Amino acid sequence: MEKILEARHLRKVFQAGSREPLLAVDDVSFAVGAGEKVALIGESGSGKSTVAKLITRLLAVTDGQIFLDGEEITRARGMKLKQAYRKMQMVFQSPVDSFDPRCTLGDGIAESLRNHGYAKAEAGAETARLMELCGLRPELSDCYPYEVSGGQCQRAAIARALAIRPKLLILDEATSALDVTVQAEIMSLLNRLQRELSMSYLFICHDIALVQDFCDRVLVMHNGRIVEEGTADEVIRHPQKKYTQMLIDSVL
Amino acid sequence: MNEVSVRAPKISRDRLKKKLYFFSLVAALLILAAFFSEYLCPYDPYAQDMSLAKAAPSAQHLLGTDRYGRDMLSRVIAGSFTSIFSTLALVGFITVLGTIIGVFCAWAGKWIDTVLMRLADMFLAFPGLVFALAVAAVLGGGVHNAIFALAAISWPKYARLARSQTLAQQELPYMQAVRMAGSSPLKIIRKHVLPNIAGPILVTAMLDIGTMMIELAGLSFLGLGAKPPIPEWGSMMSDTRNLLATQPWVTLAPGFAIFLSVMIFNLLGDTVRDWLDPKNRR
C-alpha cells in the first residue's frame, strides 16, 4: 500500500529553563497508508497529541524524520510547509477554541481557500458546499464560534479541514469534548466522508471503544513510545501488553 | 422578578450603548470645539488691555481677565487646541509605536525580543519629569519636545501590553488552525492578532488620554511645555498661580478645563472597556 505519511524515529524533548528535560516522544515510527484509518490511542500524557503536533509541524522535532506523500517535511518552512498543509489537515480537540473568536465560521472555513488562490465569491460558494457536506445549514456561516453548539462547531472545523481537499486528516481527540450522542453523529459523519472522499485518517483518541469499529489499525502509546500495534480486533481481543489490557478494561 | 442569578449583574447592552454614544458625542464635541477654538473665542486671546487687568467675572468677561487684561474665557478656549491635540497626538503616537514594537517582539522572539524589551525597561526606569528636564535642556522647551519626552518614556507600556497579548494569542488553539490554513505571518497578525488584542490596547490608550493630558499640563506648568504667550492650560495655571488667593478664577478656569476634559476621556475609556469586555457581548 502506498504510504501517505511516514514517521521515522521521532523524538521530542521539551527543555524548559533549568528544569529536567522531558522526553515526551521517544523513537516513534509508524506509517499511514493511502485511504487507511489509523488510531493512535493511549492515556493522557502518553505523548499522542505531541505526535500530532510533530507531524503537523506545529512543534519542531528534536530528532527523526517525517515524510508526507513521499516528501520530507521534517524541517519544511514557508512555502514548502504551506504546500504540505494542502495535503494534511487537522481537527482539534476543543471545537470552539479552534476558531478565531472574532471571525465568523464562514471566514474560518474559507481562510485556507483564500490562501490558496480562491477568489472571494468562489470561496464563499465552496464554503457553503462544504458546510452542507458536513451537515450544517449554510446560514451558520455568519455565526461566531461561541454562538453555535460544540457539535456544530466541530462540524465546521471538519469542513474547514476538508476545504483544500487534504489526503490525510488528523483528528486530535476530535470528539472528546462532545457528549456521547454528538460524538456518534460526528463519527458517522467522518465515516461517510471517508467513503466519499477516500482520505486517510489518523485518529488520536484515548477511548479504545470509539475506534474499535472505525479504524483499520491501532497504535498504542505509553510514556512516549508505541508499545503495541495491530488491527483493531487483534489489539482489543488479544492485547499483548498489560498496558493495553488496562486501557481496554478501563472502558469495559 | 423572582429570577435568581448567581452571576454578577450584567450592564444591559442597550444602556451601555447609550452611554457609549453619549460619551463619544461629548468627547467628539470637545475635540471639535478644540479644533475650531479660534472661531469660538469671544475675544482675541492675545489682546492685552491693562485697564481691564485682573477683572472679576462679569457679563462681558464671563471668567474675568488675567493680569494683562486678556479675556480668560477666550484663553481657556484657545488653550484647548494645544492641550487636547498635543495629548491626542502623543497618545496616538505611543499606541501605534508601542503596538508595532510589542507585536514584532512577540513574533520575532529570540535576541530581538530580549534587546527591545530591555530597552523598554531602560526607558521605563527614567522618571518622567527628570527625563523631560533633560530633553528640555538638550533640545530646548516647547510643546514638541514635551511630547517627545513623554513619548520616549510611555511607549514601553504599550509594547509590553501588545507583546504579552500577542504571546497569549499565539498560545490559543485557533492559532494552530490558522497556521495550518497556510496564512502568512503578516496575514495572521493583521487578520487575527490585531483584532484580538485591539481591545485592551484601545482601552489603555483611552484611559491614558487623561493621564497624558495631566502630564503634559504638568510639564507646561513647570515651563517645559508650551511657551507663553501661547495659551495652554498647564502654563496658564502656572502663570496665574500667584493670584490664587486674590483672583482665584484665573487659576481655577484652566484647572477646571483640565479636570473636565480628563474626566470626559476617562469616562469614555471606561465605557469603551465595558463595551469591549467579552463578558458583555450579547
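The values are calculated or read from the model by the stated rules, or taken from the named source; none is laboratory data. These figures come from a predicted structure and were not determined experimentally. Cβ placement follows ideal geometry from the backbone for every residue including glycine, while neighbour counts extend to all protein chains displayed. These accessible areas exclude ligands, DNA and RNA; they are computed on the full protein's heavy atoms, side chains included. Shrake-Rupley method; radii C 1.70, N 1.55, O 1.52, S 1.80 Å.
Would you pick out the residues in segment A:9-31 that are more than 23 Å from A:Leu202 (Cα to Cα) and polar (S, T, N, Q)?
Scanning segment A:9-31 gives A:Gln15, A:Ser18.
For segment B:168-181, which residues satisfy the criterion of being open to solvent by less than 60 Å² (accessible area, probe 1.4 Å) and in a helix (DSSP H, G or I)?
B:Ala168, B:Gln169, B:Gln170, B:Pro173, B:Tyr174, B:Met175, B:Gln176, B:Ala177, B:Val178, B:Met180 - these are the residues of segment B:168-181 that are open to solvent by less than 60 Å² (accessible area, probe 1.4 Å) and in a helix (DSSP H, G or I).
Given the condition surrounded by fewer than 20 Cβ atoms within 10 Å (Cβ to Cβ) and polar (S, T, N, Q), answer yes or no: does some residue in segment A:127-141 qualify?
No, every residue in segment A:127-141 fails to be surrounded by fewer than 20 Cβ atoms within 10 Å (Cβ to Cβ) and polar (S, T, N, Q).
Could you check segment A:189-207 and list, in sequence order, the residues that are open to solvent by 70 Å² or more (accessible area, probe 1.4 Å) and not aliphatic (A, V, I, L, M)?
If the condition is that a residue be open to solvent by 70 Å² or more (accessible area, probe 1.4 Å) and not aliphatic (A, V, I, L, M), then A:Arg192, A:Arg195, A:Glu196, A:Ser198, A:His206 are the ones that fit.
Inspect segment A:141-164 for any residue being assigned to a helix (DSSP H, G or I) and aromatic (Phe, Trp, Tyr) and give the result as yes or no.
So far as segment A:141-164 goes, yes, one or more of its residues are assigned to a helix (DSSP H, G or I) and aromatic (Phe, Trp, Tyr).
Return the only residue of A:Ala174, A:Ala123, A:Ala156 being within 14 Å of chain B (Cβ to nearest Cβ) and in contact with a strand residue (DSSP E or B) (Cβ under 7 Å, 6 or more places away or on another chain).
After ruling out the rest, the residue left standing is A:Ala174.
What are the residues in segment B:191-201 that are modelled with pLDDT under 90, more than 7 Å from chain A (Cβ to nearest Cβ) and either surrounded by fewer than 22 Cβ atoms within 10 Å (Cβ to Cβ) or in contact with a strand residue (DSSP E or B) (Cβ under 7 Å, 6 or more places away or on another chain) (or both), if any?
Of everything in segment B:191-201, those that are modelled with pLDDT under 90, more than 7 Å from chain A (Cβ to nearest Cβ) and either surrounded by fewer than 22 Cβ atoms within 10 Å (Cβ to Cβ) or in contact with a strand residue (DSSP E or B) (Cβ under 7 Å, 6 or more places away or on another chain) (or both) turn out to be B:Lys191, B:Ala198, B:Gly199, B:Pro200.
For segment A:152-182, name all the residues that are open to solvent by less than 30 Å² (accessible area, probe 1.4 Å) and among the polar types (S, T, N, Q).
Within segment A:152-182, A:Gln154, A:Thr175 qualify.
Take A:Ala174 and tell me if it is closer than 21 Å to B:Met175 by Cα, in a helix (DSSP H, G or I) and not β-branched (Val, Ile, Thr).
No.
Return only the number of the condition from (1) under 30 Å from A:Glu71 (Cα atoms); (2) at pLDDT below 85; (3) open to solvent by 10 Å² or more (accessible area, probe 1.4 Å); (4) not polar (S, T, N, Q) that A:Ile226 does not satisfy.
(2)
Residue-by-condition table, conditions (1) over 13 Å from the mean Cα position of the chain (by Cα); (2) at the interface with chain B (Cβ under 9 Å from one of its Cβ atoms); (3) not aliphatic (A, V, I, L, M):
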site	(1), (2), (3)
A:Leu40	no, no, no
A:Gly47	yes, no, yes
A:Gln65	yes, no, yes
A:Arg75	yes, no, yes
A:Asp97	yes, yes, yes
A:Pro101	yes, yes, yes
A:Gly106	yes, no, yes
A:Ile109	yes, no, no
A:Asn115	yes, yes, yes
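Can you find even one residue in segment B:267-281 that is assigned to a helix (DSSP H, G or I), within 19 Å of B:Val26 (Cβ to Cβ) and without any contact (Cβ under 8 Å) to a residue 12 or more places away in the chain?
No: zero hits.
Report, ordered by the first and then the second residue, all pairs with beta carbons closer than 8 Å, sequence separation of six or more or different chains, a first member in segment A:112-137 that is of a type in the set (D, E, K, R), and a second member that is outside any helix (DSSP H, G or I) and buried (at least 20 other Cβ atoms within 10 Å of the Cβ).
Close Cβ pairs satisfying both conditions: A:Glu126/A:Ala163.
Within the set of pairs 6+ apart or on separate chains, which have a first residue in segment A:76-95 that is part of a helix (DSSP H, G or I), a second that is open to solvent by less than 10 Å² (accessible area, probe 1.4 Å) and of a type in the set (Lys, Arg), and C-beta atoms under 7 Å apart?
So the pair list comes out empty.
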